[in-house]
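Below is one structure, written out as structure tokens, with a few remarks after it.
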Amino acid sequence: MASNSVFGEGESTFCIASSPTRTEYIECTFRQVGRVTSALAQKEEGEFIGFRGPYGNIFPLDEWYGKNLLFIAGGIALPPLRSVIWNVLDMRDKFKDVTILYGARSVADLVYKQELDEWGKRSDVKLVTTVDPGGETVDWKGKVGFVPSILSSMEPSSENTIAIVCGPPIMIKFTFPELMKLGFTPETIYTTLENRMKCGVGKCGRCTVGRCTSARTDLFSRTSSCRNYRLSIRKSLSVNVYTGDL
């Protein structure tokens, strides 16, 4: 997680959408819906923004070596998983089967369409895309249905498999029971609470979920119009911003 700001407009918290294996830049993705995101979307390459972070936990990839991975994402919640997906694909020999289930309200709401095409063409990745009923187009070739129901029809094996889930709260609410029916245990299901993060240091209380959870615990196992911009890391202290439609 990282907090991004435009001076005079405010600050918002976004996930880091790029893999740590890509060391020359940091990417964040946001939906342009309010004051801060609108100001960010107006920035051009070479302009300054505020960047605070990173905060929170990392996905424990070293504990997942030799396991099958099942990524389940919905809508604009694909960016947090994009980071770990590319991390896994950049170290593909350390993992077994990789399955990605991604859904959105409509075809227009799918993000990273070029990367979805790339993942779909890979022989070492199983990609399933779906849109909600009514969100399909005439030329849509993916599935039609809500993510939990598509997951149930896929019947992925829970044996030696880790499920990583990120999406709207309602999607997560109905996806967890489906995973449990398939044999997944609380220890093998991971999700994030990044949408509850604000200060990034565990002081403001926004991340509290029945107990005080700090910036160290935005990542949990069950037991415990879009814009993309790239921050190029240079030897100087300036941060270069590239904005462009996904």
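Residues in the range 1-55 that are under 17 Å from Trp86 (Cα atoms) and of a type in the set (A, V, I, L, M, F, W, C) were compared, and the one that is modelled with the lowest pLDDT is Met1. Look at the range 99-112: where a residue is on the phi > 0 side of the Ramachandran plot and a partner is part of a helix (DSSP H, G or I) and surrounded by 17 or more Cβ atoms within 10 Å (Cβ to Cβ), sitting 6+ places away or on another chain with Cβ atoms under 7 Å, you get Tyr112/Leu78; Tyr112/Arg82.
Taken over the range 137-159, the criterion of being surrounded by fewer than 13 Cβ atoms within 10 Å (Cβ to Cβ) and assigned to a helix (DSSP H, G or I) is satisfied by Ser153 alone. The number of residues in the range 46-75 being under 17 Å from Asp90 (Cβ atoms) and among the β-branched types (Val, Ile, Thr) comes to 1. Asp62 satisfies every condition listed in (1) surrounded by 14 or more Cβ atoms within 10 Å (Cβ to Cβ); (2) not in a loop (DSSP other than H, G, I, E, B) except (1).
Among the candidates Glu44, Glu27, Glu11, the residue that is part of a loop (DSSP other than H, G, I, E, B) and either outside the structural domain of Ser149 (by TED's automatic domain parsing) or loosely packed, with under 14 Cβ neighbours inside 10 Å (or both) is uniquely Glu44. With respect to (1) within 30 Å of Pro148 (Cα to Cα); (2) more than 14 Å from the chain's Cα centre (by Cα), the lone exception for Phe30 is condition (2). Within the span defined as the range 72-79, every residue fails to be farther than 22 Å from Lys173 by Cβ, under 14 Å from the mean Cα position of the chain (by Cα) and outside any loop (DSSP other than H, G, I, E, B).
Specify the residue that is farthest from Tyr65 (Cα to Cα); the eligible residues are those in the range 98-128 that are surrounded by 13 or more Cβ atoms within 10 Å (Cβ to Cβ) and of a type in the set (S, T, N, Q). The selected residue is Ser106.
The values are calculated or read from the model by the stated rules, or taken from the named source; none is laboratory data. This structure is a prediction, so every number in the text was calculated from the model and none was measured. Cβ sites come from the backbone with ideal geometry, for glycine too, and all protein chains shown count toward neighbours.
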